[in-house]
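The structure appears below as structure tokens.
The values are calculated or read from the model by the stated rules, or taken from the named source; none is laboratory data. What you see is a predicted model, and the numbers here were worked out from it, not measured in a lab. For neighbour counting, all protein chains shown are included, and Cβ atoms are generated from backbone atoms with ideal geometry for every residue, glycine included. With ligands, DNA and RNA removed, areas are computed over all heavy atoms of the protein, side chains included. Shrake-Rupley method; radii C 1.70, N 1.55, O 1.52, S 1.80 Å.
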Amino acid sequence: MEGAEGEPLVQCPVCLRELLGAHINSHLDRCLQAGEGEAEPGSSPPCKRPRLAAAPPGSQAQGEPEEARRAAAAPVFSLFHKSRGGGHSPGAPGRSSGAGREEAAVKPVDGGSAAAGSGAARLAQKLEGKPLAERLRPDTLGDYVGQERVLGAQTLLRSLLESHEIPSLILWGPPGCGKTTLAHIIANSSKKNGTRFVTLSATSAKTNDVRDVISQAQNEKRLFKRKTILFIDEIHRFNKSQQDTFLPHVECGMVTLIGATTENPSFQVNAALLSRCRVIVLEKLSVEAMEAILMRAVRSLGVQVLGQGNQDSSSVTGSSSESSEFPVYIEEKALNTLAYLCDGDARTGLNGLQLAVQARLAVGKTTPLNITKGSSADGILITEEHVKEGLQRSHILYDRAGEEHYNCISALHKSMRGSDENASLYWLARMLEGGEDPLYVARRLVRFASEDIGLADPLALTQAVAAYQGCHFIGMPECEVILAQCVVYFARAPKSIEVYRAYSNVKECLRMHTGPLPPVPLHLRNAPTRLMKNLGYGKGYKYNPMYKEPVEQDYLPEELKGSDFFKERKT
């Protein structure tokens, strides 16, 4: 393409305009200078679009054709900007660029300014994303709350962890007691010490995944002399053959195994693996520990605590200096109630707190509050009722197939045996409200009727069978009162283990017998055929109803004559 005078046109590589060849060099210099932010003062502000910037209109040389001036005014790509987010425009240093203004409008400003929004809005942003229990997971032993018996000062485990000498461990405890958190603390400590930490979950990992980790651990040990710690969450989900995969590598110290389980390791973990690990029993958190954890969560969220006397305890939370349109408050009684209701489960307590706060923020209803004597303010208040509504009911720790299943049925059995009707009802309710099958409880009551009551009250067995049939007919929740009636009847009934002990003596006699068991005496055998009669079956047997007087007749084998299985009736 040629111009009017026949001179060929050249395309600018910056703005893609076509200019005469005589003007391309000066035009290109101006394009580059405009892109680098060296335009003349007083030029027009740049385009608000972040990807494009306008060239200053007053920087053309005199005598330049109109086409060249249009090309100079064409937008240039921000590729030539010194800093896209530097906050200075190409044409006017010190002014905010279009992209900078957009970022400033989105990014919140700290310091309690009006642009920062209300306290409720900031709190809602903090609660987004990860659950509160995961966000507040401590990273150091100093922040770990609870388990003083295992991790308190001067304890063996704490000394080992602080010296980075970590043995193979099995962490056993109820949900929310701090097993995964302790592993998380060990992971942070081991990474600082140069130890490799690998996490697997037995709910999703396969045997090949374990073998891959062990293979990598062998390479790390051989090439870099680097140790590997393998954390298996829910290790009881691995079957016996999968658990055997760890045995030789834990034995030789190739990997340090840390397993977490809510089930009794004696039943769920391979005995050979159990002998190579130290079992750490973590108990459910105390109410005091739960209150400390919840207070730490409230402090991190910036929520202010109102005491029993409606006095602001912001000195505890450390957030009163932060001005906000509608501050968020929570009653101290609500925190105490939540600490009790979560039953030592920190995860349940923190998630319940998060749910209650989010629900109140969603409603957005403010309440007039007496913060201090003589002054009041509006704010969003979280009460005890809101916390209870978030949990719906008391968090009952019960596992129908785990350790707590056997613990509760044992407690029920022993309470009825001890004639404690109140404790019996309590343990029954713990099981039923935790989701236990009522027919399982009814079957156990049938056994109890003969084992512990026996002949002291023969009607107890009738009560138990009737209770089982009633549960079978109507199911839960209507059958709960049937089981309650039976449990109270058994707790009040007289007890006798005469039959139970006598039968146990018979079983022991059979187990202790040496040689072949004695045959049935001939006079006690039935003789339905002539051949049997000829062999002496039934000969000499005295039919008792035909005699008015007591009949003297032996019914035990010759070797057991005179045996009395009831001789230890009571001690």
_Apportionment of accessible area to carbon and sulfur, the stretch 115-235, percent (1.4 Å)_ = 49 percent
*Residues with amide H under 5 Å of Ile280's amide H, sequence separation 5 or more or different chain, H placed in the peptide plane at 1.01 Å from N; which?*
Ile170, Leu171, Trp172
*Neighbourhood charge, 10 Å Cβ-Cβ cut-off, centred on Pro521 and excluding it, Lys, Arg +1 and Asp, Glu -1*: -1
*Relative contact order (percent) for the stretch 118-188, with alpha-carbon contacts under 8 angstrom and 6 or more residues of separation?*
34 percent
*When the stretch 126-265 is reduced to its Cα atoms, the Kirkwood hydrodynamic radius in Å*: 16.0 Å
*asked:* Within the stretch 429-515, what whole-number % of the accessible surface is contributed by carbon and sulfur, with the 1.4 Å probe and all protein chains included in the calculation?
replied: 60 percent
*Just list whichever of Lys179/Lys227; Lys130/Lys221; Lys507/Lys548 have alpha carbons separated by over 29 Å in the model shown.*
Lys130/Lys221; Lys507/Lys548
*asked:* Give me the net charge for the shell around Arg226: Cβ to Cβ below 9 angstrom, other residues only, Lys and Arg +1, Asp and Glu -1.
replied: +3
*Give the relative contact order (percent, whole number) for the stretch 417-571; include only Cα pairs under 8 Å separated by 6+ residues.*
24 percent
_Ranking by accessible area, most exposed first, for Glu384, Glu552 with a 1.4 Å probe_ = Glu552, Glu384
_Residues whose placed amide H lies under 5 Å from that of Leu381, excluding near-sequence neighbours_ = Tyr329, Thr367
*For the stretch 417-571, what is the accessible area per residue in Å² when the probe is 1.4 Å?*
69 Å²
